[in-house]
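Undergrad: Got a structure for you, written out below as structure tokens; questions coming shortly.
Every number in this text was worked out from the coordinates using simple rules, so none of it is lab data. Note that the structure is a prediction, hence the values are computed from the model and not measured. Note that each Cβ is placed from the backbone with ideal geometry, even for glycine, and that neighbours are counted across all protein chains shown.
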Amino acid sequence: MDQEKHPLISIVTLNYNQAEITCDLLSSLRAISYPNIEILVVDNASKDQPEQLITSRYPEVKFIKNQENLGFAGGNNVAIRQAKGKYVLLLNNDTEVAPDFLEPMVACMEQDAKIGVCSPKIRFHETQVHIQYAGSTAIDPMRVASYAIGYGEEDKGQYDQTGGQTHLAHGAAMMVSQEAIAKAGLMEDSFFLYYEELDWCEQIKKAGFAIHFVPQSLVLHKESMSVGKNSPLQLYYKTRNRIFFARRNLRGFQLFMALTYLVMLVTPVRLGKYLLKGNFKNFKIYLKAVCWNSILFKRFSSFRK
């Protein structure tokens with residue numbers, strides 16, 4: 001194997017009580033044309049004990065079993081520490097890939113050592129033609145939100161010429177160089193779910209690396225299969241980590257404005273709506289998420305059950 005032409009790529013995916021969905025991804029990876037990969041499947045303490053199923057069907061996979069659910073950040077970090085590739089590709093287990101998806105991403109990374117991260121074009125698996133990600137806007141420093149370019153649009157090739165530097169990668173499919181990881185560090189474990197890849201992108205950019213969008217590469221995403229759309233878990237971590245992201249990445253007046261917006265404006269409105277609807281469960285979840293960020297509460301209290 002010509003390591004210069006085809007550097008080793010470590011493909012990492014997380015499994016949590018979704019062995020069959022993970023197997024769908026692994027089957028699609030078996031059909032890819034890139035010749036030099038290792039695949040690491042990290043199981044985040046699934047109740048269904050998937051090791052036998054996955055390793056019997058896919059003996060080429062390195063299976064890593066965590067004794068507890070470490071979330072997206074912590075689970076991926078376990079595999080990144082063991083990855084041998086020049087580049088590490090994080091792939092959600094609810095994705096499926098085009099056979100030739102890897103070559104354009106590798107070519108992107110190989111062209112410039114200062115490209116630390118790249119993400120492919122991502123379409124929704126359900127329709128196959130609607131875009132989820134074709135690059136990203138920057139994080140708005142007050143709203144602490146960004147937008148995926150092209151989201152929801154039918155893919156007619158309108159972003160096929162827009163590849164190149166973008167502000168943020170997409171956590172469902174992002175390739176990161178070992179050099180960038182060495183300088184920026186791993187993902188912050190305490191995010192657990194949501195915003196961790198955005199925070200990581202910001203840390204990698206601060207370390208001097210660029211992020212690129214690669215439209216020639218295609219990944220299909222089933223989206224929110226692990227936690228469920230609009231689930232209590234999603235509400236808690238998206239709320240908590242939006243504020244946490246601001247605390248880690250903003251300073252001075254920008255941080256003041258972000259916290260004022262999120263805590264003094266958004267929080268009362270959301271809590272008021274929950275009260276008016278009699279949705280006391282979401283009221284408590286949202287309040288707990290905001291309070292996690294307060295010095296009056298234990299900083300790393302969890303909501304992992």
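Undergrad: With each run of n ≥ 4 DSSP H residues scored as -39500 (n - 2.57), what mean residue ellipticity at 222 nm is computed for the chain after dividing by its residue count and rounding to the nearest 500 deg cm²/dmol?
TA: Rounded to the nearest 500, the figure is -10500 deg cm²/dmol.
Undergrad: For region 232-291, count the residues as N, evaluate 2.2 N^0.38 Å, and divide the Cα radius of gyration by that value, please. Walk me through the numbers before you get to the answer.
TA: Working: Rg = 12.0 Å, N = 60, 2.2 N^0.38 = 10.4 Å.
Dividing the Cα radius of gyration by 2.2 N^0.38 Å gives 1.15.
Undergrad: Next question, about the same structure. On a straight-distance basis, which lysines could pair with residue 183 in a cross-link, Cα separation under 28 angstrom, same-chain partners fewer than 8 positions away excluded?
TA: 5, 62, 65, 84, 86, 114, 121, 205, 206, 238
Undergrad: Can I ask one more? Give or take rounding to whole Å, what are the principal axis extents of the alpha carbon atoms in the chain, in descending order?
TA: 60, 42, 38
Undergrad: Hey, another quick one. Please give the length that would be gained between residue 5 and residue 160 if that part of the chain were fully extended, namely 0.36 nm times their separation in residues minus their C-alpha to C-alpha distance (nm, one decimal).
TA: Values: separation 155, 0.36 × 155 = 55.80 nm, distance 2.46 nm.
So the chain would gain 53.3 nm between residue 5 and residue 160.
Undergrad: Right, something else. Mind ordering 138-149, 195-206 by average Cβ neighbours within 10 Å, highest first?
TA: Numbers: 138-149: 16.2, 195-206: 22.1.
The peptides rank, most packed first, as 195-206, 138-149.
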